[in-house]
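Participant: Got a structure for you, written out below as structure tokens; questions coming shortly.
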Amino acid sequence: MEIWIDQLVQALALPQYSLSTVFIVSFISATLLPLGSEPVVYGLVKLNPALLWQVIAVATIGNTLGGAVDWWMGFGASKVADRFQASSMHLRAMRWLEELGPKACLLGWLPLVGDPLCAVAGWLRLPFWHCVFYMAVGKFLRYVALTAALVGVFG
């Protein structure tokens, strides 16, 4: 198994796969799976600074589509569950999300809470395309800030 993983990592590290690797990792990292896209984004920009905007665009698209998957997972979960009963803290968070609406998805880039936030937006059946728009804006700004900080500091 370890040999297979090593071979996969080596294949994905090839230059012809660099942007597709950023897309896949950014997509997976936006789902509820514990994976971060920042090292891949930074690594590729560090190795090839000319790809800065392409990397940011591909990472934003992959991460946004992963957030959209979270939205649909939340939507599906709300259809299955009869009632959502939670602690007062959860109920306050739900009210906050309902009041803020799709704009809450601007925070979809946050570690630990961003992905579940997108799923809860689906659970609440907030408008899909509005949520995707705000996810994309937040995630784009995150990648711009991330690469600017890393390239500026370490470049």
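Each reported figure results from applying straightforward, stated rules to the coordinates on display, with no laboratory input. It should be emphasised that the depicted structure is a prediction, and the values quoted were computed from it without experimental measurement. Neighbour counts are summed over all protein chains in view; Cβ atoms, including those assigned to glycine, are modelled from backbone coordinates with ideal geometry.
Participant: Separation between the Ser78 and Phe128 pseudo-spin-labels, each 7 Å from Cα along Cα→Cβ, expressed in nm?
Facilitator: Result: 1.3 nm between the two label points.
Participant: Now for a different question. By how many nm would the segment from Ile3 to Val113 lengthen if fully extended, with 0.36 nm per residue of separation less the alpha-carbon distance?
Facilitator: Working: separation 110, 0.36 × 110 = 39.60 nm, distance 3.38 nm.
Additional length available on full extension: 36.2 nm.
Participant: Would you mind counting up the charge near Gly108? Only other residues with Cβ under 14 Å from its Cβ, with Lys and Arg at +1 and Asp and Glu at -1.
Facilitator: On the way: positive: Lys103, Lys139, Arg142; negative: Asp70, Asp115.
Result for the local shell: +1.
Participant: Continuing with the same structure: Provide the gained length on full extension for the span Leu100 to Lys46, in nm with one decimal, where the gain is 0.36 nm per separating residue minus the Cα-Cα distance. Before the final figure, lay out the partial values.
Facilitator: Values: separation 54, 0.36 × 54 = 19.44 nm, distance 3.72 nm.
In short, 15.7 nm is gained.
Participant: Tell me, in nm to one decimal, what length is gained between Ser88 and Val144 on full extension, where the rule is 0.36 nm per residue of separation less the Cα-Cα distance? Walk me through the intermediate numbers first.
Facilitator: Numbers: separation 56, 0.36 × 56 = 20.16 nm, distance 3.62 nm.
Result: 16.5 nm gained on full extension.
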